[in-house]
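The values are calculated or read from the model by the stated rules, or taken from the named source; none is laboratory data. These numbers come from a predicted model, not from an experiment. Because the Cβ atoms are built from the backbone with ideal geometry, glycine has one as well, and the counts that use them run over all protein chains shown. Quick note on the areas: whole protein, heavy atoms, side chains included, nothing else; ligands and nucleic acids left out. Shrake-Rupley method; radii C 1.70, N 1.55, O 1.52, S 1.80 Å.
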Amino acid sequence: MANNLPIKIQNYIDGSWVPSSNSNTFSRENPANPEQIVFVAPNSTSEDTNRAVEAAHAAFAPWSRTPAPVRGDLLYKFTALLEAEKEEIASIITQEQGKTRREALGEIDKTIREVRYTAGEASRLNGETLPSERPGIDVRTVRVPKGVIAAISPWNFPIVTPLRKIAPALATGNTVVFKPASVTAATAAKIVELFEKAGLPKGVLNLVIGSGREVGTPLISHPLVKGITFTGSTEVGSMIYRLAAERIVQVQLEMGGKNAAIIYDYKDLQSAVDQMVPAAFAATGQRCTSISRIIVERPLMPELVARLKDKCQAYVIGDGLEDQTTLGPVISEDHMKTVERYVKIGLEEGATLVCGGNRVDSASGGYFFEPTIFSNVKSDMRIAKEEIFGPVLVVTPVDQFEEAIQIANDSEYGLAGACFTNNMELAQQFVEQVQSGMLHVNNGTISESHVPFGGLKHSAVGPYSIGTTAKDFFTDLKVIYSGSR
Ligand code: NAD
């Protein structure tokens, strides 16, 4: 457990831990126990942001000339340090973000696997050799880093999402200004501390903590920033896309989701339920790839809903630091009010509340909310269309598989999707016709550490992160024609 709360956090600019230029700070409460202050951090300004970008710019030339496998070695060193401190970091994640310790440890293990893969990628920054149309000419391509990368991350996965940006940026020779979500700044500072311990040269990775308006906007607008990798809401992502277009800067945007699972012509309903419930409620439903809609053939709905309800009722809601807890709080009081508002909307729209729907009173006053299921949900209801980003699952009955596909696609988002069926023709139809970046057949929505991760429609823009595709964002391509005389 992280002792000595509150943790005092600073920015990290040009290899030094510093307060914000105006010395302003903010504090973050534990969402499971709001009276406990987890950290106090700088409320930074555009001046801090500019200094960080300038430091990253100055560090770019030497870092980009460091041999790529040596940059990879530094990432391996980082993973060894993370492995050694994972118990402490898991406690920090649970205390500032709310997810259970088991979930926090799972997130750290996934981070380690992803960063190890990325460290290896540093030695695989291959180009191509091509035949020339002319004698005596060699044609080849090389990958070159972009320069200063802005890495902006959300609060729901405070370690894996930042590393999904920082690790490939560093491996490919870029330097980074990292702006985490304010509420998870303690994990962000820990990430940077581990890179400092691993021996990363000054200026290569900089941390600026503060609001989207005071830090995020000046960061993405800075003329020395040459690439923006962002994970967060579609609303903010779309604003970033507009600003980046004005400067003609490349973006990698990973945004919202309203992910559907179809259950049709499927015998083992319990197996689907056992995979769908964690896919819906892990991290208290605050995952971009959460299953938030189930579309089921009408005759199966009563039995499916009964089984979903049974499984939900087994959740133990509470402080994620306690061993028995399986469902932590939502991120904030405001977010709990948003989830409550959607429950009210669902009831007003005429959906059937199967279970949950209420905040949970506790002695600590934590932001606890019951796992909630609505059935008889029509596809045009707001609870079926809008990203709630909380522990709410909606079930829509259909009469034909084609209708299930049409409803799955009737969304502005296209991140993940699942289909449970024993009919291979339907499985093929699902894979061919559902407009989502990651599709799962007879499988939850778990993504793997070496496989491209991304989405379609309003869920993503730019090359997928992780896997072989990450370098398509973090490097530019040069084509070289060499004559022999
Ligand atoms: P958010 O969009 O509110 O914030 C994300 C980050 O953007 C934060 O660091 C925030 O401070 C920053 N930001 C806010 N305004 C900004 C501005 N004007 N300029 C620059 N930066 C700004 O999202 P959130 O509430 O932190 O996270 C939840 C959202 O993230 C959900 O929509 C979820 O689906 C999405 N998400 C997507 C993925 C994915 O991989 N597709 C993963 C995790 C979360």
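Summary table
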| quantity | calculated |
| --- | --- |
| Per-pair calculated FRET efficiency, R0 = 30 Å: Leu130 and Val70 via Cβ, rounded to 0.05 | 0.60 |
| Over region 109-215, equivalent-ellipsoid semi-axes from the Cα gyration tensor in Å | 34, 15, 12 |
| Shape category assigned to region 171-232 from the gyration tensor of Cα positions, a/c cut at 1.5 | oblate |
| Considering only region 259-449, percent of DSSP beta bridges that pair antiparallel, nearest 5 | 15 percent |
| Distance between modelled label sites at Asn423 and His450, nm, 7 Å Cα→Cβ extension | 3.6 nm |
| Greater than 28 Å apart at Cα, pairs in Lys165/Lys378; Lys110/Lys344; Lys8/Lys179; Lys311/Lys378; Lys99/Lys226 | Lys165/Lys378; Lys110/Lys344; Lys99/Lys226 |
| Charge tally in the Cβ shell below 15 Å around Leu125, where Lys, Arg are +1 and Asp, Glu are -1, Leu125 excluded | +3 |
| The chain: projected area of the alpha-carbon convex hull, averaged over directions, in nm² | 24.4 nm² |
| Cα-derived Rg over Rh, computed across region 87-158 with Rh taken as Kirkwood radius | 1.28 |
| Percent carbon-and-sulfur accessible area, region 362-485, ignoring ligands, DNA and RNA, probe 1.4 Å | 49 percent |
| Cβ-placed point charges (K, R +1; D, E -1), dipole of region 397-485 about Cα centre in debye, nearest 20 | 760 debye |
| Over the chain: helical MRE at 222 nm, DSSP H runs n ≥ 4 each giving -39500 (n - 2.57), nearest 500 | -12000 deg cm²/dmol |
| Cubic angstrom per residue, convex hull over Cα atoms of region 9-115 | 116 Å³ |
| Cut-off 12 Å, label 7 Å out along Cα→Cβ of Lys267, residues of region 417-453 by amide N | 422-423 |
| Net charge over other residues, Cβ less than 14 angstrom from the Cβ of Met239 (K, R count +1; D, E count -1) | +1 |
| Heavy-atom accessible area per residue - region 280-322, 1.4 Å, Å² | 37 Å² |
| Unit charges at the beta carbon, dipole of the chain: most positive-side option, Leu200, Pro67, Thr234 | Pro67 |
| Dipole in debye (nearest 20) - the chain, about Cα centre, beta carbon charges: Lys, Arg +1; Asp, Glu -1 | 1540 debye |
| Amide H contacts under 5 Å for Ile262, placed H, 5+ residues apart | Ile295, Ala418, Cys419, Phe420 |
| Among Ile262, Ala351, Asn442 - extreme Cα towards positive end, dipole of region 259-449, charges at beta-carbon | Ala351 |
| Environment charge at Ile291 (Cβ cut-off 14 Å; Lys +1, Arg +1, Asp -1, Glu -1) | +2 |
| Antiparallel DSSP beta bridges within the chain, percent to nearest 5 | 40 percent |
| Full-stretch length increase - Ser21, Ala314 - with 0.36 nm per residue and alpha-carbon distance subtracted | 100.6 nm |
| At R0 = 51 Å, FRET efficiency that the Cβ-Cβ distance of Leu81 and Ile137 yields, to 0.05 | 0.60 |
